[in-house]
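Since the structure comes first, as structure tokens, the remarks are kept for the end.
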Amino acid sequence: MPVMKPAEKAAIVMEELERAYPAPGCPLAHTDSFTLLVAVMLSAQCTDARVNKVTPALFAAAPTPQAMAAMTWEEVRTYIATCGLTQTKAKRLVATARLLVERHGGQVPASFEELEALPGVGHKTASVVMSQAFGMPAFPVDTHIFRLARRWGLSRGKTVEKVEADLKKLFPESLWNKLHVQFVLWGREHCPARGCRPTCPICSRIGVA
């Protein structure tokens, strides 16, 4: 099989992802930008499925920044006990809620700079919120996307930042938000970390051993 260029591989990836997930929804259950922000913060080193199990009770108790700002981190921790790193996450959630109230009028800011200034909100978290809540073009790179981009030869980057930059060059900006979700879903269902499944059509088409 001739060696494919990254752009040729990207075309195959887009074709297969679109066939599998023509209308992917956000894997994290949420109702607005604040609940999305909280869910993404909780998803660090935790599965989306686990996050979705704990957030209904948390959001019932604290559906707004104002409500969460009024809670102690110990109270928040009782709702997220199975998410891992619970003390750190609880403290960051309360601190973020209070900053949203104090600095942003109780609203989640729609800018990377302001989001990344919040406690525990890094570039990936900000990117997810910007893309899913505000529709701004972003390509958040999580562990699934980092793995697949390298496995499929779309990037040789050794850092999340380099992989993100490479993917943004390969794919149309208008598709970044959708592709982010499609990549994640594909990584979970067809091409997991332990190795590509024999039935993975992307790996078979682009010649991944």
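All of the numbers you see were taken from the coordinates with simple rules; none came from a lab. Predicted model only: the values in this text are computed from it and were never measured. For neighbour counting, all protein chains shown are included, and Cβ atoms are generated from backbone atoms with ideal geometry for every residue, glycine included.
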Residue among Gln107, Thr159, Thr35 farthest towards the positive dipole end of the chain, charges placed on Cβ: Thr159
Please find, in a Gaussian network model of the chain (springs between Cα atoms separated by less than 10 Å), the residue of Gln45, Gln66, Gln107 whose mean-square fluctuation is greatest. Gln45
Choice from Pro192, Pro140, Pro65 with maximal GNM fluctuation in the chain (Cα, 10 Å cutoff): Pro192
Cβ charges +1 (Lys, Arg) and -1 (Asp, Glu), total dipole of the range 131-194, debye: 300 debye
Say we join alpha carbon atoms closer than 10 Å with springs in a Gaussian network model of the chain; which of Leu85, Leu36, Leu93 then has the biggest fluctuation? Leu85
Could you list Asp32, Asp48 so that the one with the fewest beta carbons within 10 Å of its beta carbon is first and the one with the most is last? Asp32, Asp48
With x for Gly and Pro, the residue-by-residue ³J(HN,Hα) of the range 63-78, computed from phi through the Karplus equation 6.51 cos²θ - 1.76 cosθ + 1.60 at θ = phi - 60° and given in whole Hz, is x, 10, x, 4, 5, 6, 5, 7, 8, 8, 5, 5, 5, 4, 4, 5
Which FRET efficiency, nearest 0.05, do Thr47 and Glu161 yield, Cβ-Cβ r, R0 25 Å? 0.55
Given the rule -39500 (n - 2.57) for each run of at least 4 DSSP H residues, summed and divided by the residues of the chain, what is its mean residue ellipticity at 222 nm, to the nearest 500 deg cm²/dmol? -18000 deg cm²/dmol
Note down the magnitude of the dipole of the range 33-132 about its Cα centre, charges +1 on Lys and Arg C-beta and -1 on Asp and Glu C-beta and zero elsewhere, to the nearest 20 debye. 260 debye
Under the Karplus curve 6.51 cos²θ - 1.76 cosθ + 1.60, θ = phi - 60°, whole-Hz ³J(HN,Hα) for the range 105-120, x wherever Gly or Pro sits: x, x, 10, 7, x, 9, 8, 4, 4, 6, 5, 6, 7, 7, x, x
Just want the ordering: Tyr79, Tyr21, from fewest to most Cβ atoms lying within 10 Å of their own Cβ. Tyr21, Tyr79
